[in-house]
Structures are given as structure tokens and as C-alpha cells.
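For reference, the structure discussed in these notes is given below.
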Amino acid sequence: MRRIGGCALLVLGLWAAPVWAQFEETQGAVPRVLTPARLDQPVSEVPASVTVIDRELIHASGARELYEVMRLVPGMSVAKTDGNLPSVAYHGTQARDQRRMLVLLDGRSVYQPGFARVNWNAIPVALEDVERIEVTRGPASAAYGANAFVGVINIITRDPRDVGGQQARLRLGNNGIRDARVAASQQFDQGAWRLSVNDQRDDGYDAGLAPLDTGDSKRTTTVNGRAVWEPGYRDTLTLHAGGSRTRLDRPYERGLQDIAEYTDESVERADRLFLGLDWQRQFSSSHQLKVSVYAQHNDEETNLDLCFNDPLTGNGGPGGGLFFSKELRDLYLANGGDLDQTLASAPADPAVQNRYATLLANGGEPFCGTGWLDVSETRYDLEIQDTLQFSEWARLVAGINVRHDRGESRAYLSGTAENVSHRLFANLAVNPLAPVTVSLGGFWEHDDISGELFSPRAGINWEVLPGHTLRAVYARAVRTPDIYEDQANINLEIRDLPPSYADRQALLGWAPAYFFVNQQSPGTVQPERIRSRELGYYGRFTAGALGAMELDLRYFQEELWDLVSGQLNPFNFEPENDGKVRHRGTEAQLSWRPTASHLLRLTGARIHTEANQGAEQRFAARDSAGALWYWRLGGGWWWSTAYHLARDYNDYPFERIDAQIGRRQRLGPTELEWSLLLQQPLNDEPVVFDENRYQDDQRYWLTVTVNF
Amino acid sequence: MSRARPRPGPPLWRAPAGRCSLSLMLAAWLLVWGLAGEAAAQTPAPAVTARLLAASPEAATHFADRLRALGDGAVRVVERDAELTLALGDEAFRMALSAPGHGPVLGVGVTTDRVREQVTAGCRCSAIRAGASLAAQLAVLSELMPAARRIGVMLGPHSAWQAPLVAPPGLILDVIAVDPPQRLGPLLRRQLPDWDALLLPTDPILFGPGTARLVLLTSYRQRVPVFGPDADYVHAGSVASAVPNSDDLVRAVRRWVAQWRATGRWQEPGFAGHYHLVINDHVARAYDLSVTPGIRLERTLENTP
């Protein structure tokens, strides 16, 4: 089913008063408040392995950024793989790409349509605004459509009706950590609203260590708001709005450093906005309709301030303009896009020679300008979902979806491209026998790029003993090519050239002038595909004096094929469906509450990954594990400590221990909360890639929060 | 339990085998009550005559019928010259005690406030309080949600339970005072994240019709199951509750009357001590709480909506 949990309850009618109330004449009656519970699917009946990260776990983890809590999910590869860009991938394959997992924020996809990725820095929500995160481990395209490929992360923000008062928070730490947050909320007669503004800054990995010479600091500002209005007891309207602004220092591109000198730092500037409206109507306790519409837009651009070297002398000078000449582009195309061949043959090409002479005659001013890597994406999405419990033993979720995606980029697309998709989905859960749940689901979709697709899933959950459920699941899923993979036409224009280069037509042979390297997608990329088989166990039980336990085990076999495994950047562009990966392994997660004051959480995964291309194994840790211990000491004090292990990411093991102490106390009408956290790596290895190194081992920060 | 010590009438609770804590607790209760009932039964004394006083004739008639059916002849309802008065509900209890020269009075299903006001030294009265005891509700909670460790309990000035509350081993009872009642919403929002479950006492002000929506919606959104305080709340969306029905109250009356006849004094006001379990199956399922076959037998709501 699409929903695992849900929150819209309903005053449906009246019910008899308590037994002693019959003795009275004026006793009022309690309204019946029911229930999406009837329509929700408990974890033990979901045809998938699910990890739920609630506020307690988030709090205990001490995580500062959203992506960090994903370390609590078994089998999840999590790291800042590329300077300040986090990568999160369930059963990780490629380290830098975020293409194979769907991330939802209150049901709205933050998977960016134009360039197939999830930008974790820019998700417009702070951890403090999150109520819980539900992670479906395994393909879920049957419920969520394309791109729910290896899993789905569903981030559910706090309902404003459950948020009281205002909050201010300040966090200071080493490594340039400077975070601030203010949040406000208000309840009113038929609803509530909340709004938060969060600002986070840090210096990333260490500056001054090559190749991150310029540092990889970042500043992220997010705004997240939600308002709920209940015009009647059957209807709930929810407005979601927010956005983010990120400023990321980006490392220099090695390919460009070979032919040019950077004259300024590269900064990725990104702005995002979203607005969504949900209308939910409870026709009865067994029938619910939800209509969701949202729009989102994001703009990104990264500056490349460069002085191009003369290709013959290797020094600065007007000859650098040759890289933006029409003649060198023609030669590049004539060589079939072979970069090395082009550069080798250029000195002997008469047209290039003439252009070179023209540039030298221009006066000797260095060829310096700015290129912009720009991306603009817009999505409009409408979905109607109907949930019906049509008998005590059968429940159906069905719906339709229409989506319009638009990508615009002068650098990557040389214009605008669009994709419209239409979708139909249905998921049926039946209980033929009381302890058995059979789930059948399918998702049909059609989009302009990939045509028709269908993703099925079948599962059976059998509660063999009370609190102990066995599970078998078969699922197929797809990742559809994004607009960039399908319609890329890379043309990097140079702007802000010195005045002496004003007449580009005369000096460079064309206007506007583009970098000679050009890549064009053939438009033949097919969807990536996955087939998954899973056997699982879910138990929720008490073990005598040992206390309460929740255990999930998963054995899986996943085959991924038609993968786009090659690089897709301006210098290397290989849009081929030639990648294959096979995962098989076992995962476990255990939550154990030995007493009311202690929570121990253990996760572990052992995954055998076979791939026909090395790049598909860089983010695949064979062994990973985590432990989290949370202890409420009393008097408002708490302690938590966590251990994370991944062996290996790209041949580098990741091992770290965290410790946190804090206290929450009331001071009159206000509540003061503070915590001190320390992160200690347990080895000196870089993170995923050689350049990702910290100069100081420890990270620590102090957080002070006032609620009033 | 019921096999070990046969009792007239249906069993109070059919707890499944192996549910040690609940079984032991209930066995202890049954033993105490069974002995009391048996002691009374072994005395070949004539029936105590009682006058029934209720706010509505229908309630009085229904209770009299149940008393005849389950009373084992110990209590006989008469119109006049009764040895004692059984007053059903707050208003009847007040009226019975306000009558000049009233005789012994036993209130049945009387709220905490009325008990405090009316049951005074020398009043020749006692009361079976409305609601269920903390121990019984905790037994229900532990049975259905054995993983729960931190239990939130919200008490107001009118609640059936009053602080300090004693937590059984292994549980932490986080008792929050809600006064005035308008603080309920903010306190729920603040405290719920710290709890595994929320247990509600009978409280006509704090957990009456006007707050059910707030309590149940807020707790459900935060995935914190609510238990208690009564059948009405369970049907509204609470997971489960121990609830005394008419038959349970009749049994409690027999016990109080037997004590009064044996000693000439009323025992202290208290809860009925006999309960039925009501479960909202759908809510329990949404929380993935295991409703065992033994408990399924006792569920009385949601199957007959």
C-alpha cells in the first residue's frame, strides 16, 4: 500500500455513553473518532522491509543534517562523497549519482526530474521539522512509480496541530559549524500552522588539502511551513510551502584545470520553492479520498571563472580563445567527439591555425571569462488517490497521477525540454485468513521519454505466531531516463570576456561562443530495471526480563540491468544501458528496550555485489553495521552514543563513534534544552574518495534550544 | 483462573495462558473477591432488601433485572421498607444522601468528585466508583502492548486516579497534571513524543466528549496509542480499556453488600474490580498491536458498529 501510517482522523458520529452514564440524565456522549487506522497498513502487513526513524531516534542520533540519520537504515550507503555533496543510496552502487532512490517530502517527490538526482543539501526541511521518516527497503515502483528503484524514503513533517509554541536554536562547533533556527506555530479554531527558518553553515572537509584547495564549505537556508485547516469534520486541507537556498563551494574541475586557471572560487548557488495543497475527505471510516497538487521550481547555477591557457604555449594569453573557437568545435565533431584526437590534430589543422593567428593578432589580452553551469527545473503534479476498505478482509488503494516536468539549461540542454507523464496505480491487500495478508500491486505509467511502463509487486505476510510475521516479496521496478540523459546537448558558453573580445563572430568564428567540447544524447537511453526477491521476518515481542524487542530480518536477491553506468559529464558522456549489478545479502535491524530508560538499536548488513563495471561498486559496502544506545538518565538528562561502520566505500573503510549528552529542563514558562555532541572517526582513511579528508579528527558542537 | 475456582456467571476475564502478569493479578483479585462472595454464600442469611434509586426508570429497571439474574438472592429489590438504598449514578447518590434520615446508601457508578463530596464520616454510605482502576488499565495496556515502557498518565482535579501513582516494575508512569483543562492540548503536544502509550483515567471534565477529538487525533498523529478510559473512548478511537458493565457492577454491589452485612459497616469507596475488556480492533491493528485469540474473545466493539 502507499501509506504506512496516516494521520487524518474523523469525527464520524456518536456512540453510547459509558455504562454508568445510563444512570444519568444529562451525560454527554463522546464523538466517535475513526479512523484511518482502518485504512492504514501496519508494518507487519506491508509487503516490504520498512525502517521507521521517529523523532526519538533522530534525537538520539544527534544528527545535524537530514542525510545523516539515514545511517540508521541497514544497507544504506551514506557519506559526503564529493566535498559537501552527500550521497545516500540504499544498496549503493555509483558513489556520486543519486538516481536510483525516490525521496518524498510529505508525499511530494524531491527527486529532481531534469537531472535525475536528489540534492540532500537542498531538501527544504530541517530535522527538527520531521515527525518521522519511513524507509521502504526494496523496489517500490508498484506503489510509487518510476524511480522508486531500490527504495523509497518518505519524510513526514510535523503536523502543525502537534507543534506548540515557538522555538529558537543555536548551534556552534568546530569546522565552522554555525547553525541557527527559529520556528513559530499557532493553533486556531479549526486548524494550525507552523513555520520554521533554518540556517546551517560549515566548512566541509578541510580546506587547504588538495584537491579541495578552495574548501568545500556550505551554507544552507531552508524555510518550511505547513498549515492545516479543517472546514468540517470530514475534510482536511493541508497547505505545504517552503524553499531552500544553498551556497556550496565547489572544488575545481580537474579537466578544466588542465587547460585553464581558475580566477575565482566556484560556488553552486541553488534556490528552490515549492507549494502544495492536499485535500482529504473521509467519506466514512472505510473510505477516504485524497487529492494532492503541488508545484516546485528550482534554479541552480555554478560559476566557472577561468583564464584559458594558450594550447601551444601552456601559458595565459589570447590563444586560450581557441578552446571557444568554431574551428576547434568543427574539428572535435569531425573527430567523432574524441577529445584527445582533437587536441592532437588541432596544431595541424589549417582552419584552427588561422583562428589561432587571428586571436594572437587581437592584442595579447588573456582569454578570461565566466562560464555558467545552469539548471532550471519545474514540476507540476496532480494526484487523486482513493482508499477503500471494501470488506473486513480487503483494502484497495488506487489512483491517478498527471505530472509535467520541464527542464531548462543553456549549458546542458541548450534550451528547454519537457516530459509529461500519466500514471495509474492500484494496490490491493487482502486477508484470506486472519494471519495472512496477500498484497498485489501495480503501477502503469506513460511518459514522453520512455513510453509505457508497468511495475508489479506481489507479497505475502504470514503472522505465524502473534507478533511474529514471515514475509515473501517479489517486485520489479524501473528508473526512467531523465531529461538530461535523453536530450542532453552540452554547450558551455563563455561570457564576461574582456572588451577586446567583444566581436566574437570575428575573433572566435561564432557568437555566442561555446567551449569546443560538445555532447549530445542520442535519445536512445532505455529505463534501468530491477528485479527483487525477498524473504523477511518481522517480530515485535517481549522476551521476558530482557524487555521489548522489534526485529526485522531481510534476505534479498536483486538484479539490476540496463544500467546507465558510464559518466555523463561534458568531458565523458556515455549514455549506454550497459551496466549490470547483482546484489544478494542479509540485513537486520533490532530495537531493544530493556527498560523504560534505555533504547538500544542495532543494524547490520552483509551484501555481496557483483557488477560488470567498477563504478557500480564504489558505494557498495560489503559489510555495514550500526549501534545506537540512548539512555534517559532522569532529571531531564540524556546520553546517547552511536557507532557506524561501512567496509568499504571505494576501498576506504568508514568507521566512526558519536557521543552526546544533553539536558532538557523547564525554566518557568520556557523550556531550555542543550546538548553537546562529539564525533570521532576511528581511522585515518578518507571518505569514499581520496580528497575527502578532515584535518582534525574530531567534530563537536554545542546546541542550545529555547522553547517558549 | 475460572477453572481453578468456579464462580457463578461468566468469567470476568478470559486471559490467555502464559500471560503471567495479567493472570496472576487477576487470579489474586478473583481469589479475594471469590472468598468474600463465598463467605457470604455460606451464610444462610435472608436476602438484603434494597431500594433502587436512579435518574431514569429504565436504568433502575435494567439494573434490577441484572441484580435478580446475577444477585444469587443476596440482594432483593423492594419498593419500601428497604434495609439500604442503591443509588445509581451521581444524581441518585446525591438525592439518596440528601433525604432526611436516610439509611445506608451505596452509590453505584459515582464519579470521583461526588465521592469526595458525599462520602464523609458518618454518612452511612459508600460508593462503587465510576471507571476502572489504574492496575486494571495497566494490565490491559501491558497485555496488548508489552513493549510499552514509558506510560503517560494525564490527571486533572476531577480524575478518578490521583497522584502519586505507583508504577509496576518495569514501567515508568509519567504523571502529568493538567490544570486547568485548557492546558490539555499544549501538554499533549509537548509530552506525547516522550511516551510509548497514553493512559487516560475516567475524568468527565478532562476526557469527556469535548476533548476526545483533540486527544485521539493528536495521539494518533504522533503514533502514540491511547488506552482507556472507557468503552465510549475505545469506540471513538482509543485502543482498549477495562470497562465495568452492568453485570460487573452487580457483582461489585454483591461484594459491598456482603461486607456491609457481615460487619455493619461499608467498605471504603472503590472501583468495581470486575471488568470486561473492550478493544478497537482497527486501531490496535494500525499500531501493529497483537490481539491474541484469548483477547479476541473479549472484544466487544467494532465488530458491531
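The values are calculated or read from the model by the stated rules, or taken from the named source; none is laboratory data. Note that the structure is predicted; figures quoted are calculated from it, not measured. Quick reminder, even Gly has a Cβ in these numbers, built from the backbone with ideal geometry, and neighbours come from all protein chains shown.
Go through the residues of the range B:160-172 one by one and say whether even a single one is in the same structural domain as B:Arg94 (by TED's automatic domain parsing) and over 17 Å from the mean Cα position of the chain (by Cα).
Looking only at the range B:160-172, we keep the residues that are in the same structural domain as B:Arg94 (by TED's automatic domain parsing), and these are none.
No, the range B:160-172 has no match at all.
Test of understanding: among A:Ala168, A:Ala146, which residue is out of contact with any helix residue (DSSP H, G or I) (no Cβ under 8 Å at 6 or more places or on another chain), modelled with pLDDT of 95 or more and small (Gly, Ala, Ser)? Can you show your working first?
Details: A:Ala146 fails: modelled with pLDDT of 95 or more.
When all the criteria are applied, what remains is A:Ala168.
Quick one: would you say A:Asn683 is surrounded by fewer than 17 Cβ atoms within 10 Å (Cβ to Cβ), touching a residue at least 24 places away in the same chain (Cβ under 8 Å) and part of a loop (DSSP other than H, G, I, E, B)?
yes
Taking the stated definitions as given, is A:Gly626 in contact with a Pro (Cβ under 9 Å, 6 or more places away or on another chain) and either closer than 22 Å to A:Ser87 by Cβ or among the hydroxyl-bearing types (Ser, Thr, Tyr) (or both)? It would help to see each step written out before you state the result.
Working: in contact with a Pro (Cβ under 9 Å, 6 or more places away or on another chain): yes; either closer than 22 Å to A:Ser87 by Cβ or among the hydroxyl-bearing types (Ser, Thr, Tyr) (or both): yes.
The answer is yes for A:Gly626.
Among the candidates B:Leu200, B:Leu216, which residue alone is more than 9 Å from chain A (Cβ to nearest Cβ) and hydrophobic (A, V, I, L, M, F, W, C)? Quick ask: steps written out before the conclusion?
On the way: B:Leu216 fails: more than 9 Å from chain A (Cβ to nearest Cβ).
Of B:Leu200, B:Leu216, the one residue that is more than 9 Å from chain A (Cβ to nearest Cβ) and hydrophobic (A, V, I, L, M, F, W, C) is B:Leu200.
Kindly indicate whether B:Trp195 is of a type in the set (Phe, Trp, Tyr) and within 23 Å of A:Ala545 (Cα to Cα).
The answer is yes for B:Trp195.
Could you please find all residues in the range A:505-531 being touching a strand residue (DSSP E or B) at 6+ places or on another chain (Cβ under 9 Å) and either more than 21 Å from A:Leu492 (Cβ to Cβ) or not in a loop (DSSP other than H, G, I, E, B) (or both)?
At the first step, the residues of the range A:505-531 found to be touching a strand residue (DSSP E or B) at 6+ places or on another chain (Cβ under 9 Å) are A:508, A:512-515, A:517-521, A:524-531.
Result: A:Leu508, A:Tyr514, A:Gln519, A:Gln520, A:Thr524, A:Val525, A:Gln526, A:Pro527, A:Glu528, A:Arg529, A:Ile530, A:Arg531.
So is A:Gln94 in contact with a helix residue (DSSP H, G or I) (Cβ under 7 Å, 6 or more places away or on another chain) and of a type in the set (S, T, N, Q) or not? Write out each step before concluding.
Details: in contact with a helix residue (DSSP H, G or I) (Cβ under 7 Å, 6 or more places away or on another chain): yes; of a type in the set (S, T, N, Q): yes.
Taking the combined requirement at face value, the residue satisfies it.
Can you pull out every residue in the range B:142-155 that is farther than 16 Å from A:Pro466 by Cα and within 14 Å of chain A (Cβ to nearest Cβ)?
B:Ala148, B:Arg149, B:Arg150, B:Ile151, B:Gly152, B:Val153
Among the residues of the range B:97-149, what is the count of those that are over 26 Å from B:Ala82 (Cα atoms) and within 16 Å of the chain's Cα centre (by Cα)? Before you say what the answer is, go through the steps one by one.
Taking the range B:97-149 as the starting set, the residues that turn out to be over 26 Å from B:Ala82 (Cα atoms) are B:112-113, B:131-149.
Next cut, within 16 Å of the chain's Cα centre (by Cα) only: B:112-113, B:131-141.
Within the range B:97-149, residues that are over 26 Å from B:Ala82 (Cα atoms) and within 16 Å of the chain's Cα centre (by Cα) number 13.
Consider the range A:532-544. How many of its residues are free of Cβ contacts under 8 Å to residues at least 12 places away in the same chain and either surrounded by fewer than 15 Cβ atoms within 10 Å (Cβ to Cβ) or part of a loop (DSSP other than H, G, I, E, B) (or both)?
Our first condition is that a residue be free of Cβ contacts under 8 Å to residues at least 12 places away in the same chain; within the range A:532-544, this holds for A:542-544.
When the remaining residues are screened for being either surrounded by fewer than 15 Cβ atoms within 10 Å (Cβ to Cβ) or part of a loop (DSSP other than H, G, I, E, B) (or both), the result is A:543-544.
The total comes to 2.
Just checking, does the range A:41-61 include any residue being more than 7 Å from chain B (Cβ to nearest Cβ), touching a helix residue (DSSP H, G or I) at 6+ places or on another chain (Cβ under 8 Å), over 24 Å from B:Ala286 (Cβ atoms) and modelled with pLDDT of 90 or more?
Looking for residues that are more than 7 Å from chain B (Cβ to nearest Cβ), touching a helix residue (DSSP H, G or I) at 6+ places or on another chain (Cβ under 8 Å), over 24 Å from B:Ala286 (Cβ atoms) and modelled with pLDDT of 90 or more, one finds at least one in the range A:41-61, hence yes.
Kindly indicate the residue of the range B:219-271 that is part of a helix (DSSP H, G or I) and among the aromatic types (Phe, Trp, Tyr) and also farthest from the other protein chains (Cβ to nearest Cβ) among those meeting that condition. Don't jump to the end; show me each part of the working.
Let us first name the residues in the range B:219-271 that are part of a helix (DSSP H, G or I), namely B:219-221, B:231-236, B:246-263.
Now drop any that are not among the aromatic types (Phe, Trp, Tyr), which leaves B:220, B:233, B:256, B:260.
Values: B:Tyr220: 6, B:Tyr233: 6, B:Trp256: 15, B:Trp260: 20 Å.
Going through the qualifying residues, I end up with B:Trp260.
What about A:Thr437, is it among the β-branched types (Val, Ile, Thr), buried (at least 21 other Cβ atoms within 10 Å of the Cβ) and farther than 29 Å from A:Asn572 by Cβ? Please lay out each step first, then the result.
Details: among the β-branched types (Val, Ile, Thr): yes; buried (at least 21 other Cβ atoms within 10 Å of the Cβ): yes; farther than 29 Å from A:Asn572 by Cβ: yes.
For A:Thr437, the condition - among the β-branched types (Val, Ile, Thr), buried (at least 21 other Cβ atoms within 10 Å of the Cβ) and farther than 29 Å from A:Asn572 by Cβ - is met.
Quick one: would you say B:Pro186 is surrounded by fewer than 17 Cβ atoms within 10 Å (Cβ to Cβ) and in a helix (DSSP H, G or I)?
Working: surrounded by fewer than 17 Cβ atoms within 10 Å (Cβ to Cβ): yes; in a helix (DSSP H, G or I): yes.
Judged against the criteria, B:Pro186 is a match.
Determine if the range A:486-500 includes at least one residue that is assigned to a helix (DSSP H, G or I) and under 28 Å from the mean Cα position of the chain (by Cα). Write out each step before concluding.
Taking the range A:486-500 and keeping what is assigned to a helix (DSSP H, G or I), we get A:486-487, A:499-500.
From the residues that got through so far, the ones that are under 28 Å from the mean Cα position of the chain (by Cα) too are A:486-487.
The answer is yes, given that some residue of the range A:486-500 is assigned to a helix (DSSP H, G or I) and under 28 Å from the mean Cα position of the chain (by Cα).
Would you mind stating whether A:Gly320 is in contact with a strand residue (DSSP E or B) (Cβ under 7 Å, 6 or more places away or on another chain) and buried (at least 23 other Cβ atoms within 10 Å of the Cβ)? Spell out the reasoning first.
Details: in contact with a strand residue (DSSP E or B) (Cβ under 7 Å, 6 or more places away or on another chain): yes; buried (at least 23 other Cβ atoms within 10 Å of the Cβ): yes.
Answer is yes for this residue.
Is it fair to say B:Gly210 is out of contact with any Gly (no Cβ under 7 Å at 6 or more places or on another chain) and either not in a helix (DSSP H, G or I) or not assigned by TED's automatic domain parsing to the domain that holds B:Met154 (or both)? Give the steps one after another, and end with the answer.
Details: out of contact with any Gly (no Cβ under 7 Å at 6 or more places or on another chain): yes; either not in a helix (DSSP H, G or I) or not assigned by TED's automatic domain parsing to the domain that holds B:Met154 (or both): yes.
Taking the combined requirement at face value, the residue satisfies it.
Just checking: which of the strands (runs of 3 or more DSSP E) contained wholly in the range A:71-177 hold 3 or more residues that are crowded, with 24+ Cβ neighbours inside 10 Å, more than 12 Å from the chain's Cα centre (by Cα) and more than 14 Å from chain B (Cβ to nearest Cβ)? Before the answer, list the steps.
Numbers: elements: A:76-82, A:85-90, A:102-105, A:130-137, A:151-157, A:167-173.
Strands (runs of 3 or more DSSP E) meeting the threshold: A:76-82.
For the range A:238-335, which fully contained strands (runs of 3 or more DSSP E) count at least 3 residues that are out of contact with any helix residue (DSSP H, G or I) (no Cβ under 9 Å at 6 or more places or on another chain)?
It comes to A:266-284, A:287-308.
Give all pairs with beta carbons closer than 9 Å in which a residue from the range A:61-76 that is among the basic types (Lys, Arg) meets a residue that is in a helix (DSSP H, G or I); count only pairs at least 6 apart in sequence or on separate chains.
Hits for this filter: A:Arg64/A:Leu127; A:Arg71/A:Ser61.
Within the range B:163-178, restricting attention to residues that are surrounded by 15 or more Cβ atoms within 10 Å (Cβ to Cβ) and more than 10 Å from chain A (Cβ to nearest Cβ), which residue is farthest from A:Ser185 (Cα to Cα)?
We begin by selecting, within the range B:163-178, every residue surrounded by 15 or more Cβ atoms within 10 Å (Cβ to Cβ); these are B:165, B:167, B:170-176, B:178.
Retained after the next criterion (residues that are more than 10 Å from chain A (Cβ to nearest Cβ)): B:165, B:175-176, B:178.
On the way: B:Leu165: 34, B:Val175: 26, B:Ile176: 23, B:Val178: 21 Å.
By that ranking, first place goes to B:Leu165.
Give the number of residues within the range A:349-360 that are touching a residue at least 12 places away in the same chain (Cβ under 8 Å), assigned to a helix (DSSP H, G or I) and not aliphatic (A, V, I, L, M). Walk me through how you get there before you give the answer.
Restricting attention to the range A:349-360, the residues satisfying the condition of being touching a residue at least 12 places away in the same chain (Cβ under 8 Å) are A:349, A:351-352, A:354-356, A:358-360.
From what's left, assigned to a helix (DSSP H, G or I): A:351-352, A:354-356, A:358-360.
From the residues that got through so far, the ones that are not aliphatic (A, V, I, L, M) too are A:354-356, A:358.
Residues meeting the conditions: 4.
Could you give every pair whose Cβ atoms fall below 6 Å, whose first residue belongs to the range A:665-677 and is within 12 Å of A:Val704 (Cβ to Cβ) and at pLDDT 90 or above, and whose second residue is among the β-branched types (Val, Ile, Thr) and crowded, with 17+ Cβ neighbours inside 10 Å, counting only separations of at least 6 or pairs across chains?
Within 6 Å, the pairs are A:Glu673/A:Thr705; A:Ser675/A:Thr703; A:Leu676/A:Ile661.
Among the numbered criteria (1) at pLDDT below 75; (2) in the same structural domain as B:Leu138 (by TED's automatic domain parsing), which single criterion is violated by B:Glu302?
Unmet condition: (2).
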